[in-house]
Structure formats: C-alpha cells, structure tokens
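Below is one structure, written out as structure tokens; the observations come after it.
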C-alpha cells in the first residue's frame with residue numbers, strides 16, 4: 001500500500017492507495033472511527049458497481065451503514081439535493097457522533113463533503129474516490145461545494161477528511177472518455193510540478209497507457225497536491241497555481257451545458273491560455289504545442305468555439321477565485337514553473353483578444 005500524509009495545522013490524515021482497498025475499507029475505517037452510523041453517499045451509476053463491497057466491509061467491522069443515492073452528474077451538486085440528504089439523515093437519526101463516506105467521483109465527493117461539513121455543524125468524513133479525476137484531484141485538499149445557476153462551486157467549505165482511500169481497480173469501471181478526462185488533471189499537475197513528474201507524462205502515448213501507469217500517476221499527483229495544500233490550505237497564495245487552465249476551463253464547461261466533461265474543458269483551458277501567454281511572450285515558444293501533443297495523444301480536446309463570447313467573459317467574471325476586482329490567471333514560464341498573473345476584470349476582453357499591454 002502507498003501512503004501520502006497530509007499534515008495541516010489542525011489535522012493530519014492519510015491518503016492510502018492500494019488495489020483491492022474497497023474490500024478491506026471497514027478495517028481502515030475502524031482504525032479511525034468508533035462504531036457508529038455511516039451515511040454512504042453515492043450515485044446511481046457508481047453504487048451498483050461497488051457499494052455492496054463497501055457496505056459489507058463496513059458491517060463486518062461493526063458499523064451501521066446507510067446508503068443514500070443521488071443522480072449521476074453535475075446537476076446533483078445543488079442546494080436542493082443537499083437539502084434532501086439532510087432530510088434523510090434527520091429521518092434516520094444521524095447525530096454529530098456519526099459519519100459520512102463519499103463513494104464516487106468528484107460530484108459525489110464535493111456534495112457529500114459539503115453535507116458532512118454542514119449537517120449539525122460537521123460530521124466525521126471519509127473520501128473513497130472511484131474516478132481518476134476524483135482520485136488525483138477533488139478528493140485531496142478538503143474543498144467541498146455545490147453549484148449555483150450562476151456558476152460552479154459558489155457555495156462550499158474547506159473541510160478535511162479523516163481518510164482518503166484510493167482503490168485503482170475502480171478505474172476499470174470507467175469508460176475511456178472518463179478515464180481520459182481524469183488524466184487532464186494529472187497532466188495539469190505534472191505541468192506545474194517538478195520536471196520529474198512530466199517524465200511520467202512522456203510515457204503516456206495512448207489511453208491504455210493511463211491504466212498501465214495508473215498507480216504511479218496517482219501517487220505523483222496526490223503527493224504534489226498534498227504538498228501544495230499543506231503549504232496553503234485555504235488557497236490564499238500558492239494553492240492558486242492548481243487553477244492552471246481552470247479559469248477558462250470552468251467558463252467553457254458552464255457554457256457547454258454538459259457537452260464537455262470537466263477534464264475536457266480544463267484541457268482546452270490549459271492549451272488556449274498557454275497559447276495566449278506564448279503570444280504575449282511570457283510562456284516560451286513551443287510550450288503550447290508540447291501541451292497540445294501530450295493531451296491529443298489520449299484524445300483530449302484542445303480547442304473550443306465557445307471562447308470569446310460575451311457569456312464566456314461573464315462566466316469568468318463570476319469565477320469564485322476573483323479577488324479585489326482581479327482574476328488571477330496561471331501561466332507557465334516552463335514546465336514546473338507556474339506564475340500567477342493578475343488581470344483586471346474590466347480588462348478581460350482586451351487581455352484575451354491579445355491587445356493588452358503586458359507587464360513582464
């Protein structure tokens with residue numbers, strides 16, 4: 001078993017990575033929690049594939065698990081769905097001494113974490129991410145959120161789990177599209193981490209190679225993200241580098257209205273933002289092509305005609321990462337050298353049209 005420790009001022013927890021971990025999850029949870037009720041929150045696509053394993057293991061370890069299902073997809077990350085889950089927890093007599101486990105992808109993790117952090121002012125929480133995207137990104141770092149009609153993740157909390165349990169065998173249940181989607185976040189972290197991580201990326205020449213190197217990619221990703229979270233738990237400074245490609249990506253994803261998966265939108269965002277900063281001579285010539293080649297090897301998109309519309313700019317203006325009238329964009333001086341570049345919100349159109357006067 002691989003383990004990565006996340007040490008924060010108020011909490012320390014483990015990210016554990018091992019094939020077959022779902023079958024022994026009860027033992028892992030029992031090492032942390034006393035017997036209690038556990039709300040296992042999952043979705044209707046994931047639960048038929050692995051919920052029985054988790055429930056059986058939890059029961060064998062002396063817990064009382066209750067399975068709660070939501071519809072698969074981003075629409076479940078809403079205050080309405082959260083409210084329905086609160087009602088179910090109340091109906092089943094959950095108290096502050098009980099716990100919540102998220103079993104699923106990023107949507108379930110964000111939603112379950114939000115419910116855990118707010119129900120009765122906080123229940124113990126564990127993440128069991130089942131998608132590659134969740135295993136390498138959203139399950140690590142303590143961000144929870146639901147969406148509003150005006151944007152993604154606009155209502156949320158920072159709430160660290162007691163454990164993140166990653167079982168790479170769950171990736172076998174993913175379609176190629178959603179396996180590849182998660183790889184976009186891995187590539188993002190490799191691009192902003194030290195060059196040794198990028199050397200793993202250079203081994204990935206087709207979608208099947210993602211599975212071949214899954215454990216290595218997951219370990220490198222969570223090790224890097226844990227390091228950043230430890231340095232900046234609540235995104236006051238360094239953690240903003242993890243938003244490389246995300247400001248544009250979130251705006252594109254919202255406009256696509258479900259036609260683009262999160263990782264697909266981030267792939268486009270990374271390439272198009274790098275292309276822009278390359279044109280401004282802040283990123284080196286050839287970096288855009290380097291990213292494009294790596295992403296296209298696994299079939300990820302790198303272009304979108306949604307960029308540049310008025311709605312695109314409005315979505316960016318409503319991005320939750322805006323601070324003091326500025327949007328902090330992240331570009332690369334080179335692989336492993338991310339830089340935060342602030343742009344005034346009232347100058348977005350000028351900047352993205354390539355007409356801005358750049359301070360180097």
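The values are calculated or read from the model by the stated rules, or taken from the named source; none is laboratory data. Predicted, not measured: the structure shown is a model, and the values here were computed from it. Note that each Cβ is placed from the backbone with ideal geometry, even for glycine, and that neighbours are counted across all protein chains shown.
Observations on the structure shown:
- Scanning the stretch 165-212 for residues that are out of contact with any helix residue (DSSP H, G or I) (no Cβ under 9 Å at 6 or more places or on another chain) and part of a loop (DSSP other than H, G, I, E, B) gives 175, 205, 206.
- Residue in the stretch 86-95 that is at pLDDT 95 or above, surrounded by fewer than 19 Cβ atoms within 10 Å (Cβ to Cβ), touching a strand residue (DSSP E or B) at 6+ places or on another chain (Cβ under 6 Å) and more than 24 Å from residue 148 (Cα to Cα) present: yes
- Positions within the stretch 70-85 being buried (at least 20 other Cβ atoms within 10 Å of the Cβ) and over 20 Å from the mean Cα position of the chain (by Cα), in sequence order: 85
- Note on the stretch 236-261: residues that are over 14 Å from the mean Cα position of the chain (by Cα) and under 18 Å from residue 10 (Cβ atoms) amount to 1.
- Checking every residue in the stretch 142-154 against the condition of being in the same structural domain as residue 18 (by TED's automatic domain parsing), surrounded by 15 or more Cβ atoms within 10 Å (Cβ to Cβ), in contact (Cβ under 8 Å) with a residue 40 or more places away in the chain and assigned to a helix (DSSP H, G or I) gives zero matches.
- One residue from 11, 37, 16, 59 being more than 29 Å from residue 175 (Cα to Cα) and buried (at least 17 other Cβ atoms within 10 Å of the Cβ): 37
- Residue satisfying condition, being closer than 12 Å to residue 104 by Cα, at pLDDT 95 or above and in contact with a strand residue (DSSP E or B) (Cβ under 8 Å, 6 or more places away or on another chain), within set 82, 39, 51: 51
- Just one residue in the set 272, 206, 281 is modelled with pLDDT of 95 or more and within 30 Å of residue 154 (Cα to Cα); that residue is 272.
- Selected residue (only one of 122, 109 is surrounded by fewer than 24 Cβ atoms within 10 Å (Cβ to Cβ), within 30 Å of residue 93 (Cβ to Cβ) and modelled with pLDDT of 95 or more): 122
- A residue that is in a loop (DSSP other than H, G, I, E, B) and in contact with a helix residue (DSSP H, G or I) (Cβ under 8 Å, 6 or more places away or on another chain) occurs somewhere in the stretch 264-283.
- In the stretch 332-342, the residues that are without any contact (Cβ under 8 Å) to a residue 60 or more places away in the chain and in a loop (DSSP other than H, G, I, E, B): none
- Filter pass, residue 329 being outside the structural domain of residue 143 (by TED's automatic domain parsing), touching a residue at least 60 places away in the same chain (Cβ under 8 Å) and at negative phi: yes
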